[in-house]
Structures are given as C-alpha cells and as structure tokens.
1. Within the stretch 47-63, find all residues whose amide N lies under 16 Å from a label point positioned 7 Å from the Cα of Arg93 along Cα-to-beta-carbon.
2. What helices in the chain pass both tests, a Cα length along the helix axis of 27 Å or more and a mean Kyte hydropathy of -1.0 or higher, using whole DSSP H runs?
3. Report P(r) for the chain: all Cα-Cα distances, bin width 10 Å, range 0 to the bin holding the largest distance, values in whole percent.
4. Express in Å², to the nearest 10, the accessible area of Ile17 obtained by rolling a 1.4 Å probe over the protein heavy atoms while all chains stay in place.
5. If you roll a 1.4 Å probe over the chain with all protein chains in place, what percent of the accessible area is carbon or sulfur?
6. With N residues in the stretch 67-113, what two-decimal value do you get for its Cα radius of gyration over 2.2 N^0.38 Å?
7. Give me the percent relative contact order of the chain, please, defined on Cα pairs under 8 angstrom at least 6 residues apart.
8. I want to verify a result. In a Gaussian network model of the chain, Cα cutoff 10 Å, which of these has the top mean-square fluctuation: Ser54, Ser88, Ser98?
Amino acid sequence: PSIKQILGRLLPLLGSIKHDNQRWVFGATVGRFCQAIQRYLKDARGGGSVSKASFEGEVFTAMEVMFNQWLENKEVRLATIEAIGHMSGLIAREQFESWLPRLVIKCLELYKK
C-alpha cells in the first residue's frame with residue numbers, strides 16, 4: 001500500500017525531470033519498485049491484500065512517460081528499458097499486448113542507431 005502512494009507521488013515528477021542522472025535514478029527506482037511488487041505477489045500467492053490490479057494505472061502511466069520522453073536519450077536508455085521490462089509484468093495483459101508492437105518497433109529503431 002505504501003508503494004502505491006509513492007508511485008502516485010512520483011508520477012507527476014517523471015515528466016518534468018530533465019537531467020540524465022535524475023532520470024536514471026528515477027527509472028531504476030521505479031523498476032525496482034515494480035520488481036519488488038512482482039516478487040511480493042509471487043510469494044504471497046494471492047494470500048495478501050495487494051494485487052497486480054492495484055498498481056496497473058500508475059505503472060502504465062509511468063511506462064508511457066518513460067517510453068515517450070526518456071527512451072531517445074542514450075545516457076538513460078538502458079535503465080529505461082530495464083524499468084519498462086519490470087513494469088510490463090504489472091500491467092493488464094490486454095494493455096501490454098496492444099502496447100507491445102510500439103515497444104518492439106522502438107527497440108529495433110534504437111538498435112539501428
């Protein structure tokens with residue numbers, strides 16, 4: 001529950017972060033939060049009060065910001081891709097499947113550069 005509040009406070013900040021080192025730190029942090037949530041959900045096996053659906057909205061919004069604004073930057077690209085990887089496990093399958101073609105195309109374009 002505290003992580004949801006933290007993510008809610010981070011979301012408005014993500015779009016306004018301009019410095020590469022701050023983007024790297026925030027991207028890594030959000031990715032680790034998502035990794036921790038996934039580990040908790042795996043260990044709890046449905047016994048806890050937290051579900052994947054609890055975080056879908058915040059995580060998807062953060063993914064959109066990172067994907068659209070941060071991925072072009074060479075300095076934070078790896079941290080951003082890693083964070084998006086961890087975040088993708090916490091969004092609805094339908095959302096992920098509709099979003100996946102954009103992600104694949106963008107990754108292939110970045111690989112060409």
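1. Answer for the stretch 47-63: 52-53.
2. 20-44, 93-112
3. Whole-percent P(r) values from 0 Å outward: 14, 47, 31, 8, 0.
4. 10 Å²
5. Values: 3940 of 6910 Å².
About 57 percent, which is the carbon plus sulfur part of the accessible surface.
6. Working: Rg = 10.9 Å, N = 47, 2.2 N^0.38 = 9.5 Å.
That ratio works out to 1.14.
7. Details: 87 pairs, mean separation 38.7, N = 113.
Relative contact order of the chain: 34 percent.
8. Taking springs between Cα atoms under 10 Å, the residue moving most is Ser98.
The values are calculated or read from the model by the stated rules, or taken from the named source; none is laboratory data. The structure presented is a predicted model; accordingly, all values stated were derived computationally and were not measured. We place every Cβ from the backbone using ideal geometry, glycine too, and count neighbours over all the protein chains shown. Surface accessibility is based on the protein's heavy atoms, side chains included, excluding ligands, DNA and RNA. Shrake-Rupley method; radii C 1.70, N 1.55, O 1.52, S 1.80 Å.
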